[in-house]
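The values are calculated or read from the model by the stated rules, or taken from the named source; none is laboratory data. As the structure is a prediction and not an experimental result, all values here were calculated from the model. Reconstructed Cβ throughout: ideal geometry from the backbone, glycine too, with neighbour counts over all protein chains shown.
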Amino acid sequence: MGLFDKLMGRDLPERRDARGIYFRLLEQSRDPAFFGAGKVADDYDGRISLITLHYAVMMRRLNREGRDGEILRQAIFDEMKDDFEVALREEGIADTGVKRRIKPMIALFYERLKAFNEAMDSEEPQRALAEALQNDDDAPADAFDARLADYALDLEKSLAETSLKDIIAKRFYFPDTAGFR
């Protein structure tokens, strides 16, 4: 880490912890098993939906940790936002364009985050989450959406059984995606 990173707070312990957690979530959200015909579209919207789904489940777990969870949640969000900005810059977009494009990305993220959280808090979380995950607003949730909802709920259950110490050490596990292939 350079001086700029230290000045911007990226050298803080919570940012280092968050970076590792975020990149585990990101890597999992890019598992090829999620993408393809009849699955999540491998495009901007699809990738945002999957990282948001993984983020939402992790945030729900961190909500149980009081102030420590709050600090870590914010740091993970900051890492995600920084990663979005880096991705835009790698596409050759100038700083002014990044600022203009990041706002709709974050708005889409928050829209999906709200929908996923409301679904997981509903009386029928599997059905509601499948509906929130559906690719086409006019079509009913399909078998893939239902499997993805089950995956998210299984991840939530797994994280509920994982200590904060293990989460910080990146010792948390994702459900098997072999059923998506």
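Specify the residue that is surrounded by the most Cβ atoms within 10 Å (Cβ to Cβ); the eligible residues are those in the stretch 112-143 that are over 18 Å from the mean Cα position of the chain (by Cα) and at pLDDT below 90.
The qualifying residue surrounded by the most Cβ atoms within 10 Å (Cβ to Cβ) is Ala141.
Quick check on my filter: what residues within the stretch 104-115 are within 21 Å of Arg73 (Cβ to Cβ), free of Cβ contacts under 8 Å to residues at least 12 places away in the same chain and not hydrophobic (A, V, I, L, M, F, W, C)?
Tyr110, Glu111, Lys114
Could you check Leu72 against (1) surrounded by fewer than 16 Cβ atoms within 10 Å (Cβ to Cβ); (2) closer than 20 Å to Lys165 by Cα and say which number it fails?
Result: Leu72 fails condition (1) only.
Of the residues Glu65, Glu14, which single one is over 10 Å from the mean Cα position of the chain (by Cα), at pLDDT below 95, outside any strand (DSSP E or B) and not aromatic (Phe, Trp, Tyr)? Quick ask: steps written out before the conclusion?
Details: Glu65 fails: at pLDDT below 95.
Being over 10 Å from the mean Cα position of the chain (by Cα), at pLDDT below 95, outside any strand (DSSP E or B) and not aromatic (Phe, Trp, Tyr) holds for just one of Glu65, Glu14, which is Glu14.
Is there any pair linking a residue in the stretch 29-50 that is without any contact (Cβ under 8 Å) to a residue 40 or more places away in the chain to one that is surrounded by 13 or more Cβ atoms within 10 Å (Cβ to Cβ) and of a type in the set (D, E, K, R), with Cβ under 6 Å and at least six apart or on different chains, and which?
Cβ pairs passing all conditions: Phe35/Asp42.
Checking Arg67 against (1) among the basic types (Lys, Arg); (2) free of Cβ contacts under 8 Å to residues at least 60 places away in the same chain; (3) closer than 18 Å to Glu131 by Cβ, which test does it fail?
Only one criterion is unmet by Arg67, namely (3).
Considering Glu85, Glu156, which residue is acidic (Asp, Glu), modelled with pLDDT of 95 or more, crowded, with 16+ Cβ neighbours inside 10 Å and within 17 Å of the chain's Cα centre (by Cα)?
Numbers: Glu85 fails: modelled with pLDDT of 95 or more.
None of the others qualify; the one that does is Glu156.
Check off (1) modelled with pLDDT of 95 or more; (2) exposed (fewer than 15 other Cβ atoms within 10 Å of the Cβ); (3) closer than 30 Å to Asp17 by Cβ for Ile167 and give me the number that stays unchecked.
Ile167 satisfies all of (1) modelled with pLDDT of 95 or more; (2) exposed (fewer than 15 other Cβ atoms within 10 Å of the Cβ); (3) closer than 30 Å to Asp17 by Cβ except (2).
Examine the stretch 152-163 for a residue that is in contact with a Phe, Trp or Tyr (Cβ under 8 Å, 6 or more places away or on another chain), assigned to a helix (DSSP H, G or I) and without any contact (Cβ under 8 Å) to a residue 40 or more places away in the chain, and state whether such a residue exists.
Yes; the residues of the stretch 152-163 include at least one that is in contact with a Phe, Trp or Tyr (Cβ under 8 Å, 6 or more places away or on another chain), assigned to a helix (DSSP H, G or I) and without any contact (Cβ under 8 Å) to a residue 40 or more places away in the chain.
Filter the stretch 25-61 down to the residues that are surrounded by fewer than 17 Cβ atoms within 10 Å (Cβ to Cβ), outside any helix (DSSP H, G or I) and on the phi < 0 side of the Ramachandran plot and list them by number.
Hits for the stretch 25-61 are Arg30, Asp31, Phe35, Ala37, Ala41, Asp42, Asp43.
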